[in-house]
Amino acid sequence: MGNKKTFDRSAGILMPVSSIPSPYGIGTFGKEAYNFVDFVKACNHKYWQVLPLGPTTYGDSPYQSFSAFAGNPYFIDLDTLVEDGLLRKSELISRDWGDGHVPVNVSEEDALNNRYADNRDINLGNESYVSYEKLYKVRFEVLHIAFERFKEVIAKEKEENGTSQNKNENVDALPQYKSLERFCEDNSFWLNDYALFMSLKDYYKGVSWAEWDDDIRFRTDEGIQKYNKLLKDDIEFWIFLQYEFDKQWNKLKSYVNEKGIKIIGDIPIYMGYDSADVWANPEQFQLDDNLMPISVAGCPPDGFSADGQLWGNPLFNWKVMKEQDYNWWVDRIAYQTQIYDMLRIDHFRGFDAYYSIPYGDKTARNGEWKEGPGIDLFNVIKEKLGELPIIAEDLGFLTDSVRKLLKDTGFPGMKVLEFAFDSRDTESGYLPHLYPKNCVVYAGTHDNETILGWFDTISEEDAEYAKKYMRLSEAEGYHWGMMRTAWASVADTAIMQMQDILGLGKNARMNTPSTLSDKNWSWRCLPGVYNDTLADVLHQEMKLYGRI
């Protein structure tokens with residue numbers, strides 16, 4: 001495929017959208033997101049890396065999504081909907097969004113004056129977290145209110161302007177109903193299936209599609225027609241949410257790019273079984289005649305886990321995908337390159353060989369390695385889409401064939417400093433003096449402890465080795481010394497977690513793999529902690545290490 005250089009010497013910050021401060025329980029595409037972009041620019045950084053933006057399922061993990069294409073409705077900024085006339089401020093601040101605050105009763109006048117927006121009864125302590133249980137109920141209540149008003153706007157526009165559409169019209173100049181029609185046309189290859197799927201999820205009280213009636217589980221023509229008619233208003237609601245997500249994200253992304261910053265997106269390799277993609281495209285996955293998984297994904301036992309990791313995702317039917325010229329993957333990558341500027345593909349080694357675990361097993365012990373599509377998939381993607389700026393998540397145990405695949409693609413791999421000093425894993429090449437230039441270095445990722453949390457958990461022997469190698473000083477803060485080691489390395493790109501830049505401990509860890517915890521995916525940044533003083537420090541570090 002060639003070795004086209006993906007990155008110049010540069011730096012970035014890993015900051016999930018969900019972690020951005022906001023008054024409504026979770027980060028959004030609102031004002032604070034723009035403030036964060038300004039902070040990244042002031043730091044002299046080139047990249048903002050986010051976690052997957054898809055709608056989350058059980059466990060709230062962005063790596064278990066209802067769709068490979070849809071956006072998470074939680075990220076729609078509610079204040080923007082107020083500005084657009086679809087919500088009233090009082091409808092927002094009278095609700096309990098979590099974070100421990102008590103909702104207040106306010107008049108419409110006070111709400112419009114924003115008098116209470118920044119003075120709630122909040123008891124956050126030193127950390128802030130997303131309360132997904134509260135968010136699920138309250139967020140969709142409010143979005144339904146916005147939808148009802150949106151329908152009124154659309155009806156009025158159609159009455160005033162008619163329904164004709166000029167294909168050559170500037171999208172920004174279109175009335176809203178025409179903009180909506182254009183959005184539906186452009187995204188018809190996934191949007192209709194997704195909106196129907198989510199409507200059916202509500203209709204069937206949230207159960208997996210494996211438990212739906214046969215006419216719709218097997219997607220008969222009669223079943224599709226029946227539920228499209230029965231759930232028409234619900235389908236339009238889910239389309240409205242994607243329309244609003246798309247508008248707000250594109251506006252934010254344009255602002256990011258105008259600042260000279262690029263967004264690194266994250267693509268999970270696998271889909272959850274209970275997703276619109278598996279339901280709508282069962283032939284692409286390893287399912288039996290009853291549409292149940294035959295085998296599922298995971299990782300084998302190793303020195304870190306005696307049972308391995310049982311992820312449970314259905315595996316791809318690579319034979320069928322190859323016969324169809326990998327069209328599902330081409331569509332997925334093409335779409336994601338519109339959403340993001342660069343892509344990090346999770347679990348890259350799964351394209352070389354994937355670990356197949358019999359469906360129904362309780363651990364990953366009985367799995368076996370099977371051959372993946374290898375370079376053939378990436379050759380087809382390159383042929384159809386051209387050279388793409390992709391980062392390969394190549395962490396963990398790597399075989400010679402995985403290393404060859406990475407070299408053949410030319411994609412930069414990843415290096416994680418926290419892995420470099422683990423005495424159980426001494427030959428993986430994570431020490432900085434072993435780095436190639438064509439890689440992206442992290443102190444830790446969303447699946448790791450924060451730097452300070454990591455020092456609290458490792459052995460004394462490993463801690464001493466790390467301190468000696470990186471010349472760490474407790475007075476300065478181990479996190480600064482470790483980040484400086486990454487910035488000073490030859491790696492083309494260095495990306496740090498926001499938690500590490502802020503010097504936070506284990507309570508700010510984003511995720512602990514193979515666990516279900518209300519703390520996973522829930523950490524949020526407190527307002528005001530990323531400021532000009534911190535940006536100036538980072539700016540000087542970038543100058544020092546040539547990452548301008």
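Assorted remarks:
- Charge tally for Y227 (other residues, Cβ to Cβ under 14 Å; Lys, Arg +1; Asp, Glu -1): -4.
- Dividing the radius of gyration of the alpha carbons in region 198-256 by their Kirkwood radius gives 1.16 for Rg/Rh.
- Secondary-structure-derived ellipticity at 222 nm for the chain, considering helices only, amounts to -12000 deg cm²/dmol, per-run term -39500 (n - 2.57) for DSSP H runs with n ≥ 4.
- Kirkwood Rh and Cα Rg combined as Rg/Rh, region 253-334: 1.11
- Local electrostatic count at D331 - Lys and Arg +1, Asp and Glu -1, tallied over other residues with Cβ under 12 Å: 0
- Nonlocal amide H pairs with D302, under 5 Å, H built at 1.01 Å: G308
- Computed with the Debye formula from one identical point scatterer per Cα of region 182-295, without solvent, the log10 of I(q)/I(0) at q = 0.09, 0.15 Å⁻¹ comes to -0.32, -0.77.
- Cα convex hull of region 479-548, projected area averaged across orientations, nm²: 5.8
- Label point distance in nm, N161-E133, each placed 7 Å from Cα along Cα→Cβ: 4.5
- Overall shape of region 368-421 was characterised from the C-alpha gyration tensor. The equivalent ellipsoid obtained from it has semi-axes of 23, 16, 8 Å, in decreasing order.
- Residues whose amide H lies under 5 Å from that of V296, counting only those 5 or more places away or on a different chain, are I357, Y359; hydrogens are built 1.01 Å from N in the peptide plane.
- Reachable aspartates and glutamates, given that their alpha-carbon falls under 14 Å from the alpha-carbon of K467 and they are not under 8 places away in the same chain: E418, D422, D456, E476
- Solvent exposure of region 251-388, expressed per residue, is 41 Å² of accessible area, with all protein chains present and a 1.4 angstrom probe.
- Within the accessible area of region 397-548 (1.4 Å probe), percent carbon and sulfur: 51
- Straight-line cross-link partners of K437 among the aspartates and glutamates, defined as a Cα under 12 Å from its Cα and at least 8 positions apart when in the same chain: D8, D492.
- Share of carbon and sulfur in the accessible heavy-atom surface of region 178-223 [1.4 Å probe, %]: 45
- Positive end of the dipole of region 255-389 (Cβ unit charges, origin at the Cα centre): among N281, L310, Q338, the Cα lying farthest that way belongs to Q338.
- Computed over region 256-396, the Cα gyration tensor eigenvalues convert (square root of 5λ each) into semi-axes of 27, 19, 14 Å, ordered from largest to smallest.
- Cleavage-rule hits, trypsin sites (Lys or Arg not before Pro), region 270-362, DSSP coil, Cβ neighbours within 10 Å at most 11: K362
- Neighbours of S514 by Cβ distance under 11 Å: Lys/Arg scored +1, Asp/Glu scored -1, total -2.
- Helix screen, the chain: DSSP H segments with Cα axial length of 20 Å or more and mean Kyte-Doolittle hydropathy at least 0.0 are 188-203.
- Estimated D of region 392-536 in µm² per second, where Rh is the Kirkwood radius over Cα pairs and Stokes-Einstein applies at 4 °C, 1.567 mPa s: 80
- Alpha carbon centroid spacing (whole Å) that separates region 325-375 from region 210-284: 19
- Distances between every pair of Cα atoms in region 288-342, grouped in 5 Å steps from 0 to the bin holding the largest one, split as 5, 14, 13, 15, 19, 16, 12, 6, 0 percent.
- Phi-derived couplings, Karplus 6.51 cos²θ - 1.76 cosθ + 1.60 at θ = phi - 60°, listed residue by residue for region 507-514: 5, 9, 4, 7, 7, 10, x, 6 Hz, with x used for Gly and Pro.
- Residues whose amide H lies under 5 Å from that of K415, counting only those 5 or more places away or on a different chain, are V440, V441, Y442; hydrogens are built 1.01 Å from N in the peptide plane.
- Among 459-471, 405-417, sorting by the average number of other beta carbon atoms lying within 10 angstrom of each residue, highest first, gives 405-417, 459-471.
- Taking each of K247/K543; K319/K384; K41/K506; K322/K382; K201/K322 in turn, the alpha-carbon distance tops 24 angstrom for K247/K543; K41/K506; K201/K322.
The values are calculated or read from the model by the stated rules, or taken from the named source; none is laboratory data. Since the model is a prediction, treat every value here as computed from it, not as a measurement. Ideal geometry is used to build each Cβ from the backbone, glycine not excepted, and the neighbour counts take in all protein chains shown. These area figures cover heavy atoms from the full protein model, side chains too; ligands, DNA and RNA do not enter into them. Shrake-Rupley method; radii C 1.70, N 1.55, O 1.52, S 1.80 Å.
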